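Notes follow the structure.
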Ligand code: DLL
């Protein structure tokens, strides 16, 4: 199976040797990419100047905007004839970022996912329903290849038709599911309405967007699964970059495939373990699209504790993106703060939408939030006290006045893929 003990519990000194060998290989692959040739020249560096992990600091960062500028194939280090697949990132504005894979990349990526699935206890005996998009999004095909490699019975159900998804779980005796946490909640709701018995389920893998401990408890309780957090991004293959083990205390980032730095997003300075900042990754095994010091935009920290499972480096759960931050009347607001407040109020549910508008030159934030089913008895007007409680709690945490509308359970949008709960309409006028 895919428990690679020698690599997953490798000693720090041996790991450094392996990482530096792979770093040198990565740098020499980058020498085929116009962008890096230019960057090396500007920095007065030759690829052979990068030998150790410490040397990494000599290199500039690579940003999402650089990849966008290279659209479509500017970052490929191999000719197109050696590319066996492309995916793109889910860009909402402008051109997406294209990611290419060699046959070797597809194989390495499937291995990483197979290791994750093995880490969470899945085996050939499991039936795995993959409820994410199988198109350009990396979640579908990425997990699918890994699941087959680990010998699971893969059910490539994709997204949509929740009723059919639930019937399949029931009829096929599905033991493990993969979807976004927001879809997981929707699935749980729909299963309860259909009064379907999903007791075959035991493992739920949730990722592609930030989610909280409260959501974990709810998913575990309502779906009867042990819920695992899974992190990844298209530019780093896709899913499978970092994954929880059964300790549920941080995500192991595969140290043989990814070199990790945490930086202050404003100054670019390196931060130490235990300090929260932006994750910067140098992938070590990518052939088609090698990257150096890639700024993910995701906020986390390196954890210091040793994991009882024996595997290496861990990252704390992700709290959002550095570029997610909204500035409302000069105050910085992270969507995760709003979610946190709402989840702490039992009278409201997990479903909400945030709208930001500019009214008479002033920023106004409006939050629609669903009342929880248990607290709704037919009249929203009876829940004035709940509305005031939400407004007060948000003001206490955000230091900001907001408009809150309570809405009936089941009326806000549900998301099959990544949830998009913040709509900033300030640029629309
Ligand atoms: O979301 C890959 C993926 C698929 C991961 C399935 C996990 C499961 P992208 O579409 O490129 O790739 O989006 C990557 O999603 O930079 C984070 O901001 C966010 N993200 C992904 N996983 C998590 C997570 C896939 N577990 C972007 N927690 C990343 C928080 C996450 N944010």
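Points to keep in mind about this one:
- Computed over the range 168-222, the convex hull of the alpha-carbon atoms projects to a mean area of 3.5 nm².
- Calculated SAXS-style log₁₀ I(q)/I(0) at q = 0.12, 0.19, 0.23, 0.25 Å⁻¹ - the range 62-135, Debye, Cα scatterers: -0.48, -0.94, -1.10, -1.17
- Computed across the range 156-257, the Kirkwood radius stands at 14.2 Å (inverse of mean 1/r, all Cα pairs).
- A Gaussian network model of the chain, with springs between Cα atoms under 10 Å, assigns the largest mean-square fluctuation among 24, 373, 414 to 373.
- Rounded to the nearest angstrom and listed largest first, the equivalent-ellipsoid semi-axes of the chain from its Cα gyration tensor are 37, 28, 20.
- Extended-chain gain in nm, criterion 0.36 nm per residue less alpha-carbon gap, residue 305 and residue 382: 22.9 nm
- Between the range 5-60 and the range 399-429, the Cα center-to-center distance that results, in Å: 43
- Based on Cα atoms of the range 286-370, Rg over Rh with Rh as the Kirkwood radius reads 1.11.
- Both radii were evaluated on the Cα set of the range 106-194; the Rg over Rh quotient, with Rh as the Kirkwood radius, amounts to 0.97.
- Working from label points 7 Å from Cα in the Cα-to-Cβ sense, the residue 264 to residue 49 distance is 2.5 nm.
- Label positions at residue 196 and residue 393, each projected 7 Å from the Cα along the C-beta direction, are separated by 3.1 nm.
- Taking 230, 200, 344 as the candidate residues, the one with maximal mean-square fluctuation in a Gaussian network model of the chain, Cα springs under 10 Å, is 344.
- With respect to the chain, whose longest principal axis is taken over its alpha-carbon atoms, helix 213-223 is tilted by about 70°.
- The spread of Cα positions in the range 323-386, taken along each principal axis and listed from longest to shortest, comes to 38, 25, 16 Å.
- Among 206, 137, 128: highest mean-square fluctuation, GNM of the chain, C-alpha pairs under 10 Å: 137
- You can think of it this way: the chain between residue 357 and residue 124 has 78.7 nm of extra reach, that is 0.36 nm per residue less the Cα-Cα gap.
- As computed over the range 100-139, the Cα convex hull volume per residue (Å³): 83
- What the Cα atoms of the range 13-59 give is an Rg and a Dmax of 10.9, 34 Å.
- For the range 73-222, dividing the convex hull volume of the Cα atoms by the residue count gives 127 Å³ per residue.
- Two numbers describe the Cα atoms of the range 1-84: Rg and Dmax, which are 15.6, 46 Å.
- Alpha carbon centroid spacing (whole Å) that separates the range 343-397 from the range 280-302: 38
- Crossing angle, helix 103-119 versus the chain [Cα axis fit, 0-90 degrees, rounded to tens]: 50
- Dividing the convex hull volume of the alpha carbon atoms of the range 1-160 by its residue count gives 136 Å³ per residue.
- Shown here are the Rg and Dmax of the Cα trace of the range 224-311, at 13.5, 44 Å.
- Share, in percent, of DSSP beta bridges within the range 331-429 that are antiparallel, nearest 5: 55
Computed from the coordinates by the stated procedures, all read-outs in this text should not be read as laboratory data. Please read these numbers as outputs of a predicted model, since none were measured by experiment. Virtual Cβ from ideal backbone geometry, glycine too; neighbours counted across all protein chains shown.
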